[in-house]
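Engineer: Could you have a look at this structure, given as structure tokens, before my questions?
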Amino acid sequence: MKYFQKEKECMPLEELRKLQGQRLAENFRHVYENVEYYRNRCKEAGVSPDDIKGLDDIEKIPFTCKDDLRQTYPYGLFAVPMSEVARLHASSGTTGKQIVVGYTKGDLDIWDECCARQLVAVGADENDFVQNAYGYGMFTGGFGLHGGATKLGATVIPVSSGNTQRQIAFMHDFGSTVLCCTPSYAAYLGETLRDMGHGPEYIHLKAGIFGAEPWTEEMRRNIEKLLGIKAYDIYGLTEVMGPGVAFECSEQKGMHVNEDHFIIETIDPETGKKIPDGEKGELVFTAITKKAFPLMRFRTKDIGVLNRTPCACGRTFVRMSKPMGRTDDMLIIRGVNVFPSQIEGVLLQNNYPPNYQIIVGRENNTDTFEIKVEMTPEKFSDVVAENHKQEKALESALLSVLQIKAKVTLVAPKTIERSEGKAKRVIDTRKLHD
């Protein structure tokens, strides 16, 4: 078994908890003393640095959420002078203003180490060629894995996203062994490779690190088959660090959270109360070593489960499940909670590609719910009756999982627009707010 930093990744639990407690107390004091906005929040809650002595005191600390970041845009939550900020990143800004975050040189070193741990966990070393097809720029994906691969000593191919034919040419010509990109783009690369008349043997990949959007186990198997690799999940979010907050090991039974740098909790999204490990709840992260932009108890809105049973890989860090949806991009249709990942799972189980679009509207005060699904060339038929039969079968399969009826419309292969970044799955035309 290989590790990037064995003494940290396999630290005895008692020692790890003690380290987390010390770092929590230190970093909370750092934030309290340097961030006026958050200090005022703490005073309102009646909490001072003297109240935070160890890990057991974490529930005394007030939450932060995305709205706090918007209210303090751009630099109101920074905890160091701007002269110490080595780099800025920003979220994709799909709603309202972008979220701006910063890193000191020390923060960037920690980020690189976290991503290097993921690379070693998928079997990479200094002899590998890492093709980084995450977008470079303000999005954290590209720079996160780039830094990790550089720290490891691997050869980085910073191709960024897009230009799919060229991506495949680079894989073939340069001998890329590890691919980093979003799962939807990995699936698209696999489809394109197949459509070019090549099998996985045309390229040299052995592993892929895919994150930045939700994906199912069925989609994992689909990507593995198309590209001839083992596909690994990586978790991160701009507000906390970027990719590398948590990573999958060779066991692939959850993602290890880098607990020497982050404390993870699960809470009831309604009440904010902490819930026991093993139960589904909203994931909350606290940065305990980051200096420029260290968020305390940041509510991610991702839903997941924590698992503290020992992992066969030897790492002692807690494992988190794949996010099972989000409290904010969960769709409520006719009073029923619907997650896009549920739909994707049904499609893949029925041998449809994960290329679909959910269209939600409202007619006569009633929600309409349609799912456009792309057919594979094998399933495509010019016979209307045959397509209608397939649509009805899929509607029935979806109903049993979602507990709500959706209209399924099958469309010809390659007619739903492909994404080279995060896939746009949902079109909601309802006017739900004034």
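Engineer: Pick out which of Ile229, Ile263, Ile332 has the largest mean-square fluctuation in a Gaussian network model of the chain, springs linking Cα atoms closer than 10 Å.
Structural biologist: Comparing Ile229, Ile263, Ile332 in the GNM, the peak value goes to Ile332.
Engineer: Also, I was wondering about something else. Based on the Cα atoms of segment 32-112, what semi-axes does the equivalent ellipsoid have, where each is the square root of 5 times one gyration tensor eigenvalue, given in whole Å with the largest first?
Structural biologist: Values: eigenvalues 114, 60, 31 Å².
Equivalent ellipsoid semi-axes, largest first: 24, 17, 12 Å.
Engineer: Another question, if that's okay. If one takes the longest principal axis of the Cα atoms in the chain, at what angle in degrees, from 0 to 90 and to the nearest 10, does the Cα axis of helix 217-227 lie?
Structural biologist: 70 degrees
Engineer: Can you tell me which of 233-246, 345-358, 210-223 comes out highest on packing, and rank the rest after it, using the mean Cβ neighbours within 10 Å? It would help to have the intermediate numbers written out before the result.
Structural biologist: On the way: 233-246: 26.1, 345-358: 19.0, 210-223: 21.6.
Per-residue Cβ counts within 10 Å, averaged per peptide and sorted highest first, yield 233-246, 210-223, 345-358.
Engineer: Assuming a ≥ b ≥ c are the square roots of the Cα gyration tensor eigenvalues, decide whether the chain counts as rounded (a/c under 1.5), prolate (otherwise, with a/b larger than b/c) or oblate.
Structural biologist: Working: a/c = 1.90, a/b = 1.33, b/c = 1.42.
The shape class here is oblate.
Engineer: Oh, and also: With every protein chain kept in place and ligands, DNA and RNA left out, what is the accessible area per residue of the chain? Probe 1.4 Å, answer in Å². It would help to have the intermediate numbers written out before the result.
Structural biologist: Details: 19060 Å² over 434 residues.
Per-residue accessible area for the chain comes out at 44 Å².
Engineer: Now for a separate question. What whole number of Å gives the distance from the Cα centroid of segment 243-275 to the Cα centroid of segment 356-374?
Structural biologist: Going from one Cα centre to the other spans 33 Å.
Engineer: Specify the angular offset, from 0 to 90 degrees and rounded to the nearest 10, of the alpha carbon long axis of helix 164-174 from the longest principal axis of the alpha carbons in the chain.
Structural biologist: 70 degrees
Engineer: Right, another one. What number, in percent, do you get for the relative contact order of segment 302-434 if the mean sequence gap of Cα pairs under 8 Å and at least 6 apart is divided by its residue count? Walk me through the numbers on the way to the answer.
Structural biologist: Values: 181 pairs, mean separation 30.3, N = 133.
Normalised by residue count, the contact order of segment 302-434 is 23 percent.
Engineer: Moving on. I want the local charge near Ala149. Using Cβ-Cβ distances under 14 Å, sum +1 for each Lys or Arg and -1 for each Asp or Glu among the other residues.
Structural biologist: Details: positive: Arg117, Lys151; negative: Asp112, Glu113, Asp125, Glu126, Asp128.
The answer is -3.
Engineer: So, counting K/R as plus one and D/E as minus one, what does the shell of residues with Cβ under 15 Å around Ile209 add up to?
Structural biologist: On the way: positive: Arg117, Lys151, Lys206, Arg220, Lys230, Lys322; negative: Asp112, Asp125, Asp128, Glu213, Glu224, Asp233, Glu248.
Result for the local shell: -1.
Engineer: Hey, what D do you get for segment 8-164 in µm²/s if you plug the Kirkwood alpha-carbon radius into Stokes-Einstein at 37 °C and 0.692 mPa s? Before the final figure, lay out each step's value.
Structural biologist: Details: Rh = 18.0 Å.
Translational D for this selection: 182 µm²/s.
Engineer: Thr409's amide H: which non-local residues (gap 5+, or another chain) put their own amide H closer than 5 Å, with H modeled 1.01 Å from N in plane and none for Pro or chain starts?
Structural biologist: Those lying under 5 Å, H to H, from Thr409 are Ile371, Lys372, Val373.
Engineer: Can you compute 3J(HN,Hα) from phi for each residue in segment 241-248, using the Karplus curve 6.51 cos²θ - 1.76 cosθ + 1.60 with θ = phi - 60°, rounded to whole Hz and x for Gly and Pro?
Structural biologist: 6, x, x, x, 5, 9, 8, 8
Engineer: Would you work out if segment 315-397 is rounded, prolate or oblate? Take a ≥ b ≥ c from the square roots of the eigenvalues of the alpha-carbon gyration tensor; rounded if a/c is under 1.5, else prolate when a/b is larger than b/c, oblate otherwise. Before the final figure, lay out each step's value.
Structural biologist: On the way: a/c = 3.17, a/b = 1.33, b/c = 2.38.
It is oblate, given that a/c is not under 1.5 and a/b is not larger than b/c.
Engineer: Per residue and in cubic angstrom, what volume does the convex hull of the Cα atoms of segment 229-331 have?
Structural biologist: Numbers: hull volume 11.1 nm³, N = 103.
Spread over its residues, the Cα hull of segment 229-331 gives 108 Å³ apiece.
Engineer: So for each of 134-142, 72-80 I average, over its residues, the number of other beta carbons within 10 Å; can you give me the resulting order with the highest mean first? Intermediate results must be reported in sequence, preceding the final value.
Structural biologist: Working: 134-142: 21.3, 72-80: 18.0.
Sorting 134-142, 72-80 by mean packing, highest first, produces 134-142, 72-80.
Engineer: Quick one: with all protein chains in place, what share of the accessible area of the chain is carbon or sulfur, to the nearest percent (1.4 Å probe)?
Structural biologist: On the way: 9510 of 19060 Å².
Looking at the chain in its full context, I get 50 percent from C and S.
Engineer: Which ³J(HN,Hα) values in Hz, rounded to whole numbers, follow from the phi angles of segment 103-110 under the Karplus curve 6.51 cos²θ - 1.76 cosθ + 1.60, where θ = phi - 60° and Gly and Pro get x?
Structural biologist: 9, 7, 4, x, 4, 5, 4, 4
Engineer: Follow-up. Please give the peptides 302-313, 250-261, 108-119, 377-388 ranked by average Cβ packing (other Cβ atoms within 10 Å per residue), highest first, as a rough proxy for protection. Before the final figure, lay out each step's value.
Structural biologist: On the way: 302-313: 16.8, 250-261: 20.6, 108-119: 23.8, 377-388: 11.5.
In descending order of packing, they fall as 108-119, 250-261, 302-313, 377-388.
Engineer: Same structure again: Quick one: helix 36-45 against the long Cα principal axis of the chain, what's the angle to the nearest 10°, folded into 0 to 90?
Structural biologist: Tilt of helix 36-45: around 80 degrees.
Engineer: Using the Karplus equation 6.51 cos²θ - 1.76 cosθ + 1.60 (θ = phi - 60°), what ³J(HN,Hα) coupling, rounded to whole Hz, does each residue of segment 200-206 give in order, writing x for Gly and Pro?
Structural biologist: x, 5, 5, 10, 10, 4, 10
Engineer: Taking the alpha-carbon distance from Lys6 and a cut-off under 18 Å, which aspartates and glutamates remain once sequence neighbours fewer than 8 residues away in the same chain are dropped?
Structural biologist: Glu14, Glu15, Asp109, Asp112, Glu113, Asp125, Glu126, Glu248, Glu251, Glu259, Asp260
Engineer: Give the long-range amide H neighbours of Asn355: residues separated by 5 or more places, or on another chain, with amide H under 5 Å away, using H modelled in the peptide plane at 1.01 Å from N.
Structural biologist: Sorted by chain and number, the residues that satisfy this are Glu374.
Engineer: Related question: Please work out how many pairs of lysine residues in segment 162-289 are eight or more positions apart (or on different chains) and have Cα atoms closer than 25 angstrom. Please report the intermediate quantities before stating the final value.
Structural biologist: On the way: Lys206/Lys225; Lys206/Lys230; Lys206/Lys253; Lys225/Lys253; Lys230/Lys253; Lys253/Lys274; Lys253/Lys280.
Qualifying lysine pairs in segment 162-289: 7.
Engineer: How would you classify segment 172-293 from its alpha-carbon gyration tensor, with a ≥ b ≥ c the square roots of the eigenvalues: rounded for a/c under 1.5, else prolate if a/b is greater than b/c, otherwise oblate?
Structural biologist: Here segment 172-293 falls in the prolate category.
The values are calculated or read from the model by the stated rules, or taken from the named source; none is laboratory data. Fair warning: this is a prediction, and the values are worked out from it, not measured in the lab. Cβ atoms come from the backbone with ideal geometry, glycine included; neighbour counts cover every protein chain shown. All accessible areas refer to the heavy atoms of the entire protein, side chains included, with ligands and DNA or RNA removed. Shrake-Rupley method; radii C 1.70, N 1.55, O 1.52, S 1.80 Å.
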